[in-house]
Amino acid sequence: MLVLLLFGLCLIASRGYACAEFPQPPLPTATITVTAGGSAHTFMVELALTDEQKACGLMGRKPLAAGQGMLFDMRPADAAFFWMDNTPEPLDMLFVDSAGTVIHIEQNAVPFSRRMRGTRKPVAAVLELAGGSAARLGIGIDDQVSLPWNERR
C-alpha cells in the first residue's frame, strides 16, 4: 500500500502538481548527529514533515554543502522508496528505523533517475546527504542517527 502511495506521490511530483513552489522554499531545520565508528558527525538538516514537503524533497535544489541534509519523517514506520527525478546532484540516502539505527543505505543515487531506491523494512526516517558522504565519513549499517522526535521524549 505504501509503495503505491509513494509511487503516486512520485508521479504527482514529476508532473509538478505536488510542489506549490518548485523548488520548494527552505524548510524548518534541526541539528542531528550520526554516530559512526565511534565518531560523531553533526548535520544541519531541513525537516520534510508533510506529504508535500516529502514529495518535493531536494528536487531542483542547489547541491548540499558538507554538513547539510534533509531528514524525511516517515512515521509510522513502513517500507520506503525514493527516486531522484528533478534532483540535480547525487545523494546518499540513509534509511533509519524507529530506534535511529541505519538499516539500509543507497549511495550516490544518480541525478534525475526515476529508479526507485529504498527498502521494504520498516523505516521511520530517511536522511539525504550529499553523494559520497556515507563513504567519506564511514557511515554504515547499524550506525546511529539522532532523530529529533526521539529526543523530545
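Once both labels are positioned 7 Å from their Cα atoms along Cα-to-Cβ, the gap between Ala99 and Thr33 label points is 1.9 nm.
At the listed q of 0.12, 0.15, 0.17 Å⁻¹, the Debye profile of the chain, built from one uniform point per Cα, gives log10 I(q)/I(0) equal to -0.44, -0.70, -0.93. Taking the C-alpha atoms only, the angle from helix 2-14 to the longest principal axis of the chain is near 60 degrees.
A simple spin-label model places pseudo-atoms 7 Å from Cα toward Cβ; at Thr50 and Gln144 they are separated by 3.4 nm. Structural descriptor for the chain: relative contact order 25 percent, calculated from alpha carbon pairs under 8 angstrom and at least 6 residues apart. For region 129-134, putting each phi into the Karplus relation 6.51 cos²θ - 1.76 cosθ + 1.60 with θ = phi - 60° gives couplings of 10, 4, x, x, 5, 4 Hz, in residue order, rounded to whole numbers and with x for Gly and Pro. Here r is the Cβ-Cβ distance between Arg120 and Lys62 and R0 is 30 Å; the resulting FRET efficiency, rounded to 0.05, is 0.40.
Where the centroid of each part is defined by its Cα atoms, how far is region 127-146 from region 54-96 in Å? Going from one Cα centre to the other spans 13 Å.
Taken together, the values in this text are just the output of simple stated rules run on the coordinates, not laboratory data. This is a predicted model, so every value here is computed, not measured. With ideal geometry, Cβ positions are generated from the backbone for all residues, glycine too; neighbour counts draw on all protein chains shown.
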